[in-house]
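**Q** Please see the structure below; I have some questions.
The values are calculated or read from the model by the stated rules, or taken from the named source; none is laboratory data. No experiment lies behind these values; they were computed from the predicted model shown. All Cβ positions, glycine included, derive from the backbone under ideal geometry; neighbour counts span all protein chains shown. SASA here: full protein model, heavy atoms, side chains in, ligands and nucleic acids out. Shrake-Rupley method; radii C 1.70, N 1.55, O 1.52, S 1.80 Å.
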Amino acid sequence: MNKVKPRVLPGFMELLPQDQILFNTMYDKIRKVYEKFGFLPLDTPTIEYSEVLLAKAGGETEKQIYSFNKGETDLSLRFDLTVPLARYVSQRYADITFPFKRYQMSKVFRGERPQKGRFREFYQCDIDVIGADNLDLIYDAEMPAVIYNVFKELNFGKFTIKINNRKILNGFFKYLELSNKVSDILRIIDKIDKIGKDTVKEELLKIDINVDNVDKILEFIAIDGSNEEIITKLKNIPIKAEMYLQGVDELEQVILNLAEFGVEAKYYKIDLTIARGLDYYTGSVYETVLDELPKLGSICSGGRYDNLTEYYTNQKLPGIGISIGLTRLFSQLKEQNIISSEKKSLTKVLVLPMENVNIKYALKVASMLRQKQINTDIYYTSKNLKQKIKYADKLGIEYVAIIGEEEENSKTVMIKNMINGKQEKVSCDIAEIIKKIK
RNA sequence: GUGGAUAUAGCACAGUUGGUUAGCGCGCCAGUUUGUGGCACUGGAGGUCAUGGGUUCGAAUCCCAUUUUCCACCCCA
């Protein structure tokens, strides 16, 4: 009989248990920090009506979305968690308490060519705050504060949260009378870290911006210094457009507030080249990089969007959010050996009943341990003791509880420490057993 | 969508100008040890050499096509 070759689609990450344990550890750490800041869990459907997901989309997003039909219905797999959130708050406006803070950590799907660090199915770990009518500027500082706490907790080394404000860029481009090319310009300057100043200049010239303005743009986004110095320089530029002034003002507030959130100053930095490709951002924008691994690019990004729900409702529901691409982050850090899998099992004690032993006794021992919240497994398969112990060894299980005829008759358990090889017979009493495995 | 590579055992690979029965390592199974793992030794299973066609006395090796996967661009997490 011809066998079907077992395989998974390219761009879909699938892990061995030891890697999955590591992945889940990261996932749990992120979730805990999100919850610590008051974000509520949300789980929207993986599949939505195409018209809902595509309400706003266009261009690249639309090309990359997985769509299909079931009967008469046009369906699509979600390609991010932000659009479903916009749908959710628009739909459930009456039942939600605002400001609505939610987190969602789930898989999203994008039908693009997979490559290094680029998946077609991947986890996004999002937090967003949605306000009714307005959303206080304090949240623009809370977002990076949460990021700071997450990456401190994950402990991958020094990182920098780069902060900018779209209003500053938009105001500046308006001042140069380039308003009709804003999204192209943003996309190009956003790549400056990757492609360099000269290529950015070339590309800007290519979209018909005159040399004079190209130089002004490059000069503007190159403004550098301490956060305070950058703010001062921005204020000294004689642009009177309200949007620009408002952007500078917001950015200044965010920087001031961040200190109040207890974020160490060296972990955040104003960077005027941060533009973000997505065009729905309207205010603060963020990108986070690991200082030691700049090649990974942004490991967490987001920003403020004021109009994302306009396709679903007349209610004004401004929001702000950030997203960690966990699948990419995990795969890249694993490849760079920044993180490595240590545990192959979550079992603390493996109970090994010998042949001829009444299984009831083994089950009783396991139950006692489980009642004390100790992860316990029993090896049921009929094999010799050597193989059973080998199983524990291969999975890195710390303790085995050997139960043979001797133990059963004397109501004892042989507890063996697999790390140092020592073993000792103790009476079948949970307190005695716990003493041995602590 | 554009460009460049790749394909040999479960995994990672070697395989000479084309030459008998395609190899090594890891992993897997068993034994040396029937109540004790890691180490060592011994043995074993596992391959239509991606697929199809061509050249040749003879193809994993050369040619063509298809497929696959990877890398880069675009875009993005």
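**Q** Which residues, taken from region A:290-309, are near RNA strand B (Cβ under 10 Å from one of its atoms), hydroxyl-bearing (Ser, Thr, Tyr) and either outside any loop (DSSP other than H, G, I, E, B) or in contact with a Lys or Arg (Cβ under 7 Å, 6 or more places away or on another chain) (or both)?
**A** Initial filter on region A:290-309 (near RNA strand B (Cβ under 10 Å from one of its atoms)): A:295-303.
Among the residues that remain, those that are also hydroxyl-bearing (Ser, Thr, Tyr) are: A:298, A:301.
Within region A:290-309, A:301 is the sole residue that qualifies.
**Q** Residue under question is residue A:314, and the condition is that it be free of Cβ contacts under 8 Å to residues at least 40 places away in the same chain and within 30 Å of residue A:55 (Cα to Cα); does it hold? Show your work before the answer.
**A** Numbers: free of Cβ contacts under 8 Å to residues at least 40 places away in the same chain: yes; within 30 Å of residue A:55 (Cα to Cα): yes.
Answer is yes for this residue.
**Q** Restricting attention to region A:420-438, report how many residues are in contact with a strand residue (DSSP E or B) (Cβ under 9 Å, 6 or more places away or on another chain), near RNA strand B (Cβ under 9 Å from one of its atoms) and in a loop (DSSP other than H, G, I, E, B).
**A** Residues in region A:420-438 being in contact with a strand residue (DSSP E or B) (Cβ under 9 Å, 6 or more places away or on another chain), near RNA strand B (Cβ under 9 Å from one of its atoms) and in a loop (DSSP other than H, G, I, E, B): 1 in total.
**Q** Condition test on residue A:399, is it aromatic (Phe, Trp, Tyr), closer than 21 Å to residue A:346 by Cβ and more than 8 Å from RNA strand B (Cβ to nearest atom)?
**A** Numbers: aromatic (Phe, Trp, Tyr): yes; closer than 21 Å to residue A:346 by Cβ: yes; more than 8 Å from RNA strand B (Cβ to nearest atom): yes.
Here the answer is yes, as residue A:399 does meet what is asked.
**Q** Still on this model: Among the residues in region A:165-185, are any within 28 Å of residue A:89 (Cβ to Cβ), touching a Leu at 6+ places or on another chain (Cβ under 6 Å) and not small (Gly, Ala, Ser)?
**A** Residues of region A:165-185 within 28 Å of residue A:89 (Cβ to Cβ): A:165-170, A:182-183.
From what is left, the residues that are touching a Leu at 6+ places or on another chain (Cβ under 6 Å) are A:165.
Of the ones still in play, those that are also not small (Gly, Ala, Ser) are A:165.
Within region A:165-185, one or more residues are within 28 Å of residue A:89 (Cβ to Cβ), touching a Leu at 6+ places or on another chain (Cβ under 6 Å) and not small (Gly, Ala, Ser).
**Q** I would also like to ask the following. Please determine whether any residue of region A:313-324 is open to solvent by 10 Å² or more (accessible area, probe 1.4 Å) and in contact with a strand residue (DSSP E or B) (Cβ under 9 Å, 6 or more places away or on another chain). Can you show your working first?
**A** Quick first cut of region A:313-324, residues open to solvent by 10 Å² or more (accessible area, probe 1.4 Å) only: A:313-316, A:323.
Keeping just the survivors that are in contact with a strand residue (DSSP E or B) (Cβ under 9 Å, 6 or more places away or on another chain) gives A:323.
Looking through region A:313-324, at least one residue is open to solvent by 10 Å² or more (accessible area, probe 1.4 Å) and in contact with a strand residue (DSSP E or B) (Cβ under 9 Å, 6 or more places away or on another chain).
**Q** When region A:357-376 is examined, which residues are found to be in contact with a helix residue (DSSP H, G or I) (Cβ under 6 Å, 6 or more places away or on another chain) and within 13 Å of RNA strand B (Cβ to nearest atom)?
**A** A:357, A:361
**Q** Can you pull out the helices (runs of 4 or more DSSP H) entirely within region A:154-261 that have at least 1 residues that are aliphatic (A, V, I, L, M) and surrounded by fewer than 18 Cβ atoms within 10 Å (Cβ to Cβ)?
**A** Details: elements: A:166-175, A:182-190, A:192-206, A:211-221, A:227-236, A:242-260.
Output list reads A:182-190, A:192-206, A:211-221, A:242-260.
**Q** OK, next. Please find, within region A:110-123, the residue that is farthest from RNA strand B (Cβ to nearest atom) out of those that are in a strand (DSSP E or B) and surrounded by fewer than 21 Cβ atoms within 10 Å (Cβ to Cβ). Please lay out each step first, then the result.
**A** Filtering region A:110-123 for residues in a strand (DSSP E or B) gives A:115, A:118, A:121-123.
Filter once more, so that each one left must be surrounded by fewer than 21 Cβ atoms within 10 Å (Cβ to Cβ): A:115, A:118, A:121.
Values: A:115: 4, A:118: 5, A:121: 8 Å.
By that ranking, first place goes to A:121.
**Q** (1) farther than 30 Å from residue A:89 by Cβ; (2) hydrophobic (A, V, I, L, M, F, W, C); (3) buried (at least 18 other Cβ atoms within 10 Å of the Cβ): which one isn't true of residue A:359, the others all being true?
**A** Going through the list (1) farther than 30 Å from residue A:89 by Cβ; (2) hydrophobic (A, V, I, L, M, F, W, C); (3) buried (at least 18 other Cβ atoms within 10 Å of the Cβ), residue A:359 breaks only (3).
**Q** Continuing with the same structure: So which residues in region A:378-398 are assigned to a helix (DSSP H, G or I) and over 34 Å from the mean Cα position of the chain (by Cα), if there are any at all? If you could, list the steps in order and put the result at the bottom.
**A** Taking region A:378-398 and keeping what is assigned to a helix (DSSP H, G or I), we get A:385-394.
Answer for region A:378-398, where residues must be assigned to a helix (DSSP H, G or I) and over 34 Å from the mean Cα position of the chain (by Cα): A:385, A:386, A:387, A:388, A:389, A:390, A:391.
**Q** Residue by residue through region A:22-71, note down the ones that are open to solvent by less than 60 Å² (accessible area, probe 1.4 Å), over 30 Å from residue A:343 (Cβ atoms) and part of a loop (DSSP other than H, G, I, E, B).
**A** A:38, A:44, A:54, A:55, A:57, A:58, A:65
**Q** From the list A:394, A:422, A:364, A:344, which residue is in contact with a Pro (Cβ under 9 Å, 6 or more places away or on another chain), of a type outside the set (Ser, Thr, Tyr) and open to solvent by 90 Å² or more (accessible area, probe 1.4 Å)? Before you say what the answer is, go through the steps one by one.
**A** On the way: A:394 fails: in contact with a Pro (Cβ under 9 Å, 6 or more places away or on another chain); A:422 fails: in contact with a Pro (Cβ under 9 Å, 6 or more places away or on another chain); A:364 fails: in contact with a Pro (Cβ under 9 Å, 6 or more places away or on another chain).
Within the list A:394, A:422, A:364, A:344, the selection yields A:344.
**Q** Moving to a separate point now. In this structure, is residue A:90 more than 13 Å from RNA strand B (Cβ to nearest atom), open to solvent by less than 50 Å² (accessible area, probe 1.4 Å) and not in a helix (DSSP H, G or I)? Lay out the reasoning, then the answer.
**A** Values: more than 13 Å from RNA strand B (Cβ to nearest atom): yes; open to solvent by less than 50 Å² (accessible area, probe 1.4 Å): yes; not in a helix (DSSP H, G or I): no.
Considered against the rule, which asks whether it is more than 13 Å from RNA strand B (Cβ to nearest atom), open to solvent by less than 50 Å² (accessible area, probe 1.4 Å) and not in a helix (DSSP H, G or I), residue A:90 comes out as no.
**Q** Would you be able to say whether some residue in region A:281-289 is in a loop (DSSP other than H, G, I, E, B), aromatic (Phe, Trp, Tyr) and over 20 Å from the mean Cα position of the chain (by Cα)?
**A** Taking region A:281-289 first, the residues in a loop (DSSP other than H, G, I, E, B) are A:281-283.
So of that shortlist, the ones also aromatic (Phe, Trp, Tyr) come out as A:281.
Next, only the ones that are over 20 Å from the mean Cα position of the chain (by Cα) stay: none.
So far as region A:281-289 goes, no, none of its residues is in a loop (DSSP other than H, G, I, E, B), aromatic (Phe, Trp, Tyr) and over 20 Å from the mean Cα position of the chain (by Cα).
**Q** Please go through (1) over 20 Å from the mean Cα position of the chain (by Cα); (2) surrounded by 20 or more Cβ atoms within 10 Å (Cβ to Cβ); (3) part of a loop (DSSP other than H, G, I, E, B) for residue A:97 and return the number of the only condition it doesn't satisfy.
**A** (2)
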